[in-house]
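The values are calculated or read from the model by the stated rules, or taken from the named source; none is laboratory data. Owing to the predicted nature of the structure, the values given are computational and were not obtained by experimental measurement. Cβ placement follows ideal geometry from the backbone for every residue including glycine, while neighbour counts extend to all protein chains displayed. Ligands, DNA and RNA are excluded from the accessible area calculation, which covers all protein heavy atoms including side chains. Shrake-Rupley method; radii C 1.70, N 1.55, O 1.52, S 1.80 Å.
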Amino acid sequence: MSSETRSVIITGGAKGIGSGCVRVFAKAGWSVAILDRDQSAAEELASDINSEIESRIAVFACDVSQPTQLKAAIDAAATRFGRLDCLVNNAGVHPPATRIEDTSLDDLAQVMQINFVSTFAGVQFALPHLRKTKGTVVIMSSMTAVLGQDQSSAYASTKGAQLSLTKALAKELGPEGIRVNAILPSNIDTPLMREWAATLPDPKSALDRVAGLQVLGRMGTSEEIGEVALFLASDASSFITGQGIWADGGASLDY
């Protein structure tokens, strides 16, 4: 099957890593559905891409924390393109640096709902469509799932849950020909990263320090993570499932 006939849903695709995934899949010839609560930003991204290349991008306004919205958007995207070959669960939030004693249980529940429950639900809702194509699932976890992060206990917990879900689903769905993998980015230069740094006393120093954590001496780009997602969605990774791919620029080597 040529890539021109394949379609992908990318949650949180309007900005950050999600937008990098949208650009990479679109350039590879995939039909791309952007699910994002910021519809205007998603439409602006689609317009920007279409000014460079001819692409098939559809935008669906969706708050992934609302299961009814998520299911409706996934079904609508699959109907729009006539099939679904990959679900990229990317939508997520990173709360400000907060000590555990200052993290309310309501705040924890909200982060869990957006980062983890939506991932679980997204796979559940996409599964009837993915079964028809023996498709793939890509879950955007984080290096915090395995290395932790100071004053980010709620966030890191959700990312660890995503990694565990990846492995469980790979075992459950593998016999049906559906592959499930996760990507664990380290520090990627995105609006979310800069919003997190802005909560610290010296944002510029924090960003410089974060860039220096990678042995490559820089943060990654959203497109670089998009390339990993495309690889995991394609036949090039046909014997890979249940894995958490460390896309960390070597940051873990000095951990």
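Numbers for the structure displayed
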{"read-out": "Matching residues in segment 136-152 - criterion: being surrounded by 18 or more Cβ atoms within 10 Å (Cβ to Cβ) and part of a helix (DSSP H, G or I)", "value": "T144, A145"}
{"read-out": "Where a residue in segment 195-209 is closer than 21 Å to K15 by Cβ and its partner, wherever it lies, is open to solvent by 60 Å² or more (accessible area, probe 1.4 Å), with Cβ under 6 Å and at least six apart", "value": "T199/P96"}
{"read-out": "Neighbours by Cβ (under 6 Å, 6+ apart or cross-chain): first from segment 173-186, of a type in the set (S, T, Y); second outside any strand (DSSP E or B)", "value": "S186/M143; S186/D248; S186/G249; S186/A251"}
{"read-out": "Some residue of segment 119-134 being buried (at least 24 other Cβ atoms within 10 Å of the Cβ), in contact (Cβ under 8 Å) with a residue 60 or more places away in the chain and polar (S, T, N, Q)", "value": "no"}
{"read-out": "Residue selected from segment 241-255 under the condition over 18 Å from the mean Cα position of the chain (by Cα) and in a loop (DSSP other than H, G, I, E, B), by the criterion farthest from V137 (Cα to Cα)", "value": "Y255"}
{"read-out": "Test: T221 is more than 19 Å from G29 (Cβ to Cβ), open to solvent by 30 Å² or more (accessible area, probe 1.4 Å) and touching a strand residue (DSSP E or B) at 6+ places or on another chain (Cβ under 6 Å)", "value": "no"}
{"read-out": "Any hit, segment 195-211, residues being crowded, with 23+ Cβ neighbours inside 10 Å and touching a Gly at 6+ places or on another chain (Cβ under 8 Å)", "value": "no"}
{"read-out": "Every residue from segment 88-111 that is open to solvent by 100 Å² or more (accessible area, probe 1.4 Å) and either assigned to a loop (DSSP other than H, G, I, E, B) or farther than 17 Å from L70 by Cβ (or both)", "value": "R99, I100, E101, D102, L105, D106"}
{"read-out": "One residue from L70, L45, L84, L35 being closer than 24 Å to I183 by Cα, open to solvent by less than 40 Å² (accessible area, probe 1.4 Å), in contact with a His (Cβ under 6 Å, 6 or more places away or on another chain) and among the hydrophobic types (A, V, I, L, M, F, W, C)", "value": "L84"}
{"read-out": "Top-ranked residue in segment 53-67 [being closer than 25 Å to Q110 by Cα and small (G, A, S); ranked as least open to solvent (accessible area, probe 1.4 Å)]", "value": "S65"}
{"read-out": "Members of segment 171-190 that are open to solvent by 40 Å² or more (accessible area, probe 1.4 Å) and of a type outside the set (D, E, K, R)", "value": "P175"}
{"read-out": "Of residues in segment 218-255 being more than 15 Å from P185 (Cβ to Cβ) and among the acidic types (D, E), the one modelled with the highest pLDDT", "value": "D235"}
{"read-out": "Close pairs (7 angstrom Cβ cut-off, 6 or more residues apart or separate chains): within 14 Å of S19 (Cβ to Cβ) in segment 41-63, assigned to a loop (DSSP other than H, G, I, E, B) and open to solvent by 30 Å² or more (accessible area, probe 1.4 Å) anywhere", "value": "A41/K15"}
{"read-out": "Selected residue [among the small types (G, A, S) and either outside any helix (DSSP H, G or I) or touching a Lys or Arg at 6+ places or on another chain (Cβ under 6 Å) (or both)] from A211, A168, A161", "value": "A211"}
{"read-out": "Residue satisfying all of: in segment 1-32; among the basic types (K, R) and part of a loop (DSSP other than H, G, I, E, B); least open to solvent (accessible area, probe 1.4 Å) among these", "value": "R6"}
{"read-out": "Subset of segment 42-60 [more than 17 Å from the chain's Cα centre (by Cα) and aliphatic (A, V, I, L, M)]", "value": "A46, I49, I53, I57, A58"}
